[in-house]
Each structure stands twice: as C-alpha cells, then as structure tokens.
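Notes follow once the structure below has been shown.
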Amino acid sequence: MMASMGGYSSSSPDQSPDSDLGDILDVLRGLDQEQQLKNEMFSFPEVKIECKTSPQSVSEEETIELTPDEVPSSSSTDFVGVCAVCGAPARCFHYDVPSCNGCKTFFRRTIVTERTYTCARNGNCKIDCSNRTLCRYCRFNRCVAVGMNPAAIQLPSNMDVQKITKQIQKRRMELTEEGGSAGPVVKVEPKSLYFNENFYERILDGLLYVEYKADQLRWSTFNPAEMDSIREMQIEDFLQSSSYFKLSEKYERATNWPLAVEYPINLEERTKAGGRPFVTAKFWSLMDLLIVIETAKTIPAFQRLSLSDQKALMKRVAIVNVLLIQAYFSVASNASTIMFPDGVTPIKFRNDPSNLEVEIYCRMLEPFYRLNLTKEEYVLIKAIILFQAESPDISPEAVEIVEKAREEYSSALLRFMQAKHGAVQGASRYSSAIGMIVSLHMFAQKHRELHLIFRINLRNIRKRLMRLSTCK
C-alpha cells in the first residue's frame, strides 16, 4: 500500500504552478498601487477585538478512547492489567504508569497543548472507567497523582521539559498533601506489563503541538496583510525568517466573528465607493499560506532540505495544504461550503457563482464529510502532502529525504487508523484518505485558475478607475 503513495501528483510537467505565495503578494502589491490612486480605497484597517469564547477548533478535546478489544495486543505479552487512572483494562505501561490508551492519550494531549481545566465540584470528582471523560480537571489530577511522568513524552524542542516536570512534581505533592487523587491509587506490578510507546506517537505529538500554535494564530487578530514587511517578502524570505508562531501569544483571540456581511458582494461598486474589496477580517489566502510555511519549518525532515529544495516543495504543495486547512475547518463548523473563521462564505459573493466556484467552494468538501477526519488524521495528512517527491525541481539528495519522510507519515496515518478502526476498516479508511489527497491536488489547480480570474478582474477595475480619474 505504501507504494501507491508515489502515484499522485498535482499537475503535469507542462502545468507546473508558479509560486502561489507570489501570486497572493502580487495582488496585495497591486492593491497598494491602487491605494495611492484612489484615497486608500484598499486599506486594511486594524481589527480591534477581544476574546470572549474559544473557537471550536481549539476548545474541543481531541483524544482517542479505545476499548480494550480495540487495542492491538502486544507481541511480547498477553497480560491485561489495570489502568492506574480509571481502573479500565490496561495492556502496557505509559509514561511510567500502567494505563489504558484513553488516559495515556489524555495526559499526553494535555501536556503537549499546555491546556488547563476547571472543575465544577471543587476537584472532588471520582474518576473511573465509566465517567473518566466527565471532568478533565480531576482526570488530569488523577494522572498526576498516580505518577504519570511528562519527561517520558517526546516533547517539541521549544518546550521546556524541566520546567514542565517541576510543575507536575509540585502539583503531585500538593495533591498528596490535600489527599485529592480523585480515587484510590491502583497498584500494579510493573514487570507484568509491556511498555509500548513508539515512534509514531512521538511524530503525532509534535504535529499536534504545532497545530495548536497554528490554531491560536489563525483565530487571533493577527493579519499578515497589514504588515508592510510581509508584502515585500518572497517565498525564500518566509522560509528564512523567524517563526511567526511566536506571535500566537501576542495577539488576542477574535470574538466579533462571524462578521455581519451583506451578500452578494459587488467588487466594482465597493471599489468605486472607496471600500476595500475584501469583506473578510483577514486576507485568508495569505494567512493560511503563512501557516503552511511556518508548519513546514518545524518539521525535522523539511529542515534538512536546502533552501532551494524547500522553495521547490512549497511552490508545489503549499496551495494544496491551504485548501486542506480551509476544508477541514469548514467541515468542523458544519458548513456546507468553504467558510472562513470570521464566518464569511465566498460562494455567496455573487448571486450566480460560476461552475468553477461551486467546484472549489462546495464540492471540495464532499470527501471531508464522508471521512470526518479527526485532528490526528488531519495533521498527518498535512505532513504527507508536504513531502511530494514528484516535484521536478528538487535535488536528488532531497528526493531521498522527502520519500523517507512521506513514508514515515504515511505509515503513521495507516497505523493510527488501524488502531482506531481495526485492520481492515482502517486500511480502507487510509485508502480513502489518499484518494482525498489526489482530489485536493485537482482542486488546487482549479483554485489557481480562479485566482487568476480574480487578478484579471482587479486589473480591469484598476484600469477603468484610472481612466475615470484621468477624465476628471
């Protein structure tokens, strides 16, 4: 099945796409020129908003809850122990504690995403296998009390392991003094179980942490289109710049979304009236392209590539991952069409959308609704798309790195799906996911065509306005 991964590509060699990021920035630069022509009609005012609620994509807990029958048996032992956290059957030691897959995953996600919880019952909930998902605060306290060790988690390099470990140790001492461990501690002989943490889980941990930071930035008031320095950058500048994810803590979360928008949108009338053509809170094409690039920069295999090879890959696959982001989060919001986080739906811009617009904004979501991807599957698919060895511009040295990385992420996705759905159904789901990647490449080509039409329309509007200003 892995061999099938090499068969899909985004376009034929004579249709090799230009830099999608360059196209987006060209639009912005064209707007800058037009701004000088007609009293800043295309300005991007700063969005002043405060956070009141967390977006769905960030606030929802993404965990895997597997029953004992769903957990693959170890080749080393058939012994079934007891989870020290909830009392459910456990086959292995996780983070130095005998635990079920659900509690292991919950503890890891909490540490990696740096989440905090509250309890409605002052921390007095009793945790067992029947109610372990009802109170996250007490469940996490229970994980800490029984001795789960955060140092055993393969954390991203920018997380301070020693600091996190000290915080957990301090909390464990507090719980011991308080006597609040959310239930009696279950003692199981360590030699009875088999430690089963593996390479693929460490891959997933890193991707989920990066996705958490990307979500923070995407749902914040940060708008890259308002930064003059970004408008003058080329793709290699983005690849060499410091990470924009560090801004995720600087900007507030947006809370005036969804925006109040009157449809349809008449681009020319808005321009004549002195308004900016974009009704969205952000220039989302640029925002999501920036997230794609910043995510790639955190992946070790991508970091080993030369700058020219990184640039070649980005030109090939960046827009594909942009569409993946927009489709995944539109489906997560139960939208029937592409919908940006600010609530704006591009298909409504015109009363009579073209067939091309219907294809991109509506039909592209169909496979996403059929699969209903989890967050784990989503981040793995994003990594698979990144490593496209079919790009003719990458060096022979890069091909080996890219193919190995794609095989690792593909294998991680297959193993994850089979662990959750069973060997046969998981393999079938994996095949459907690969088919969805193929369709995303097709929609990416259609998106380039639509973007070209948009640029032509803007250019024609500028010409007409220039003629009008000359006549006056």
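Out of Val97, Val80, which single residue is open to solvent by 30 Å² or more (accessible area, probe 1.4 Å) and modelled with pLDDT under 85?
Testing whether each residue is open to solvent by 30 Å² or more (accessible area, probe 1.4 Å) and modelled with pLDDT under 85 leaves just Val80.
Take region 311-347 and flag every residue that is under 19 Å from Leu452 (Cα atoms) and basic (Lys, Arg).
Across region 311-347, the qualifying residues are Lys315, Arg316.
Can you find, within region 209-226, the residue that is nearest to Val292 (Cα to Cα) among those that are of a type in the set (A, V, I, L, M, F, W, C) and open to solvent by 10 Å² or more (accessible area, probe 1.4 Å)?
Val210
Check region 312-333 and report whether any residue there is aliphatic (A, V, I, L, M) and in a loop (DSSP other than H, G, I, E, B).
Checking region 312-333: not a single residue is aliphatic (A, V, I, L, M) and in a loop (DSSP other than H, G, I, E, B).
Going residue by residue through region 327-338, is there one that turns out to be at pLDDT 95 or above and closer than 20 Å to Thr221 by Cα?
Checking region 327-338: at least one residue is at pLDDT 95 or above and closer than 20 Å to Thr221 by Cα.
Go through (1) surrounded by 16 or more Cβ atoms within 10 Å (Cβ to Cβ); (2) under 28 Å from Val112 (Cβ atoms); (3) modelled with pLDDT of 90 or more and name the single condition His441 misses.
(2)
Starting from region 363-383, take each residue that is open to solvent by 20 Å² or more (accessible area, probe 1.4 Å) and list its partners that are of a type in the set (Asp, Glu), counting only C-beta distances under 7 angstrom and pairs at least six apart or across chains.
Thr374/Glu62
Would you mind finding the one in Phe454, Phe443 that is assigned to a helix (DSSP H, G or I), closer than 25 Å to Leu323 by Cβ and in contact with a Lys or Arg (Cβ under 9 Å, 6 or more places away or on another chain)?
Phe443
Just to be sure, is Val320 farther than 24 Å from Asn256 by Cα, open to solvent by 30 Å² or more (accessible area, probe 1.4 Å) and β-branched (Val, Ile, Thr)?
Against the criterion (farther than 24 Å from Asn256 by Cα, open to solvent by 30 Å² or more (accessible area, probe 1.4 Å) and β-branched (Val, Ile, Thr)), Val320 does not qualify.
Mind listing just one residue for me: the one in region 390-420 that is crowded, with 17+ Cβ neighbours inside 10 Å and outside any helix (DSSP H, G or I) and, of those, farthest from the chain's Cα centre (by Cα)?
Restricting to residues being crowded, with 17+ Cβ neighbours inside 10 Å and outside any helix (DSSP H, G or I), the top hit is Ile394.
In this structure, is Asn223 modelled with pLDDT under 85 and not charged (D, E, K, R)?
Criteria not met by Asn223.
Given the structure, is Asp237 buried (at least 16 other Cβ atoms within 10 Å of the Cβ) and modelled with pLDDT of 80 or more?
When the stated conditions are applied, Asp237 does not pass them.
So is Phe340 under 19 Å from Ser431 (Cα atoms) and aromatic (Phe, Trp, Tyr) or not?
No; evaluated as a whole, the condition is false for this residue.
Among the listed residues Arg109, Arg29, Arg121, which satisfies the condition of being open to solvent by less than 70 Å² (accessible area, probe 1.4 Å) and modelled with pLDDT of 85 or more?
On the way: Arg29 fails: modelled with pLDDT of 85 or more; Arg121 fails: open to solvent by less than 70 Å² (accessible area, probe 1.4 Å).
Sole residue among the options that is open to solvent by less than 70 Å² (accessible area, probe 1.4 Å) and modelled with pLDDT of 85 or more: Arg109.
Does Ser308 fit the bill of being farther than 13 Å from Ala444 by Cβ and crowded, with 18+ Cβ neighbours inside 10 Å?
Answer is no for this residue.
Among the residues of region 421-430, is any within 22 Å of the chain's Cα centre (by Cα), in a helix (DSSP H, G or I) and at pLDDT 90 or above?
yes
Residues in region 126-155 that are in contact (Cβ under 8 Å) with a residue 12 or more places away in the chain and open to solvent by 20 Å² or more (accessible area, probe 1.4 Å): how many?
16
For Arg350, indicate whether it is part of a helix (DSSP H, G or I), open to solvent by 60 Å² or more (accessible area, probe 1.4 Å) and out of contact with any Gly (no Cβ under 7 Å at 6 or more places or on another chain).
Working: part of a helix (DSSP H, G or I): no; open to solvent by 60 Å² or more (accessible area, probe 1.4 Å): yes; out of contact with any Gly (no Cβ under 7 Å at 6 or more places or on another chain): yes.
Against the criterion (part of a helix (DSSP H, G or I), open to solvent by 60 Å² or more (accessible area, probe 1.4 Å) and out of contact with any Gly (no Cβ under 7 Å at 6 or more places or on another chain)), Arg350 does not qualify.
If Ile453 satisfies all but one of (1) out of contact with any helix residue (DSSP H, G or I) (no Cβ under 6 Å at 6 or more places or on another chain); (2) modelled with pLDDT of 90 or more, what's the number of the condition it fails?
Single failed check for Ile453: (2).
The values are calculated or read from the model by the stated rules, or taken from the named source; none is laboratory data. None of the values given here were measured: they were computed from a predicted structure. Methodologically, a virtual Cβ is constructed for each residue, glycine included, from the backbone with ideal geometry; neighbour enumeration extends over all protein chains shown. Surface accessibility is based on the protein's heavy atoms, side chains included, excluding ligands, DNA and RNA. Shrake-Rupley method; radii C 1.70, N 1.55, O 1.52, S 1.80 Å.
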